[in-house]
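Working notes, beginning with the structure itself.
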Amino acid sequence: MKIISRICELRNCLSEERQKNKTIGLVPTMGALHDGHISLVKRCVEENDICVVSLFVNPTQFNNKQDLATYPRTPENDFALLETAECDYVFTPTEKEMYPEPDVRVFNLGLVAEVMEGVYRPGHFNGVAQIVSKLFYLVEPDKAYFGEKDLQQIAVIRAMVKELNIPVEIVSCPILREAGGLAMSSRNRRLTPEQHQKASLIARTLKESTTFVPGKNVQEILDYVANTLNNEPVFRVEYFDIVDRYTLQSVKNWKETTDPTGCIAVFCGEVRLIDNITYKNKLS
Ligand code: PAF
């Protein structure tokens, strides 16, 4: 496994691989890797000749300075995990390398970027589009892998790829969960042991809510999830919405979509967690 921090070196290595007709897969990450990331890396290794993983905490996607400052950084552990997962190249640029000048590009990401995270984290998705488009230009991957915990991010990246006509296949991969059900996230490391234990109630509540479908209507499910979590002092639900899985637009009744999905953002203490669940199999 080769660890590279300079763009020119990455380009040289990958152009040699491409001359040998190798296919290239990319897993963009911000490091602090966990088993969820490693599942993406393993799939990338399986489906491509060459697997590139980027580790870069992208400042332009943080709308909150404190969140950027406290984002976990564990490079040595990340390198060890990637070596074991048989990654070929790790790209870990400095901020100056990725942004020698401020990136002022504004993307046209459409309605998928305007709801949920788009409302509560203004500018976040434009920052994601800035860094992911740069990575796509540098790596020119055949396939790129993203986790479904960030379901809206996947829709936004698909919109960006369409806008810019980037020839890459976006592969979306299922959420990995801890034993108690909590969706794996780098941010879980910031929870105290007590908060961590309580946080499994998020996934349990989402799962339980599926058992009431289709008997209860959309509004009843929205109220059930928000009230159950807000009744615990450690939680503050920022939003819970039931949306079409692909357009991310709210649905008012089950008939409006074939794939209704509940998406939540909830503060557990100071730590903001997101998760989602499908109701699709409850309606067929
Ligand atoms: O999902 C993430 O970790 C980040 O948003 C990504 C896609 C690596 C871009 O910085």
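Here are the numbers for the structure shown:
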| read-out | value |
| --- | --- |
| Conditions (1) open to solvent by 30 Å² or more (accessible area, probe 1.4 Å); (2) within 13 Å of the ligand (Cβ to nearest atom): number failed by VAL119 | (2) |
| Flag for PHE125 being within 15 Å of the ligand (Cβ to nearest atom) and part of a helix (DSSP H, G or I) | yes |
| Search result, residues across segment 131-166 that are among the polar types (S, T, N, Q), over 30 Å from PHE240 (Cβ atoms) and crowded, with 19+ Cβ neighbours inside 10 Å | SER133 |
| Selection from segment 20-43 of residues that are outside any strand (DSSP E or B) and either touching a strand residue (DSSP E or B) at 6+ places or on another chain (Cβ under 7 Å) or more than 16 Å from LEU176 (Cβ to Cβ) (or both) | LYS20, ASN21, LYS22, THR23, MET30, GLY31, GLY36, HIS37, SER39, LEU40, VAL41, ARG43 |
| Residue in segment 16-25 that is modelled with pLDDT of 95 or more and within 14 Å of the ligand (Cβ to nearest atom) present | no |
| In segment 29-65, the residues that are closer than 18 Å to VAL128 by Cα and open to solvent by 60 Å² or more (accessible area, probe 1.4 Å) | ASN63, ASN64, LYS65 |
| Checking GLU83 against (1) within 14 Å of the ligand (Cβ to nearest atom); (2) open to solvent by 80 Å² or more (accessible area, probe 1.4 Å); (3) of a type in the set (Asp, Glu), the condition it does not meet | (1) |
| Cβ pairs under 9 Å, 6+ apart, first in segment 11-34 and within 15 Å of GLY147 (Cα to Cα), second of a type in the set (A, V, I, L, M) and open to solvent by 50 Å² or more (accessible area, probe 1.4 Å) | LEU33/LEU81; HIS34/LEU81; HIS34/LEU176 |
| Residue pairs meeting the criteria (Cβ under 9 Å; at least 6 apart or on separate chains; first free of Cβ contacts under 8 Å to residues at least 40 places away in the same chain, in segment 240-261; second among the hydroxyl-bearing types (Ser, Thr, Tyr) and open to solvent by less than 10 Å² (accessible area, probe 1.4 Å)) | ILE242/THR261; ILE242/TYR279; ASP244/THR261; ASP259/TYR279 |
| Candidate set: segment 243-274, residues that are open to solvent by 50 Å² or more (accessible area, probe 1.4 Å) and among the basic types (Lys, Arg); chosen: the one modelled with the lowest pLDDT | LYS255 |
| Contacts under 9 angstrom Cβ, first residue in segment 113-133 being under 17 Å from ILE274 (Cβ atoms) and β-branched (Val, Ile, Thr), partner within 12 Å of the ligand (Cβ to nearest atom) and part of a helix (DSSP H, G or I), 6 or more apart | VAL115/GLN152; VAL128/THR60; VAL128/GLN61; VAL128/ASP150; VAL128/GLN153; VAL128/VAL156; VAL128/ILE157; VAL128/MET160 |
| One residue from GLU17, GLU76, GLU46 being in a helix (DSSP H, G or I) and in contact with a strand residue (DSSP E or B) (Cβ under 6 Å, 6 or more places away or on another chain) | GLU17 |
| Test: residue in segment 189-208 that is assigned to a helix (DSSP H, G or I), within 22 Å of TRP254 (Cβ to Cβ), open to solvent by less than 20 Å² (accessible area, probe 1.4 Å) and not hydrophobic (A, V, I, L, M, F, W, C) | yes |
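The values are calculated or read from the model by the stated rules, or taken from the named source; none is laboratory data. What you see is a predicted model; the values in this text were computed from it and never measured. Neighbour counts run over all protein chains shown; Cβ positions are idealised from the backbone, glycine included. In case anyone asks, the SASA skips ligands and DNA or RNA and just uses the protein heavy atoms, side chains included. Shrake-Rupley method; radii C 1.70, N 1.55, O 1.52, S 1.80 Å.
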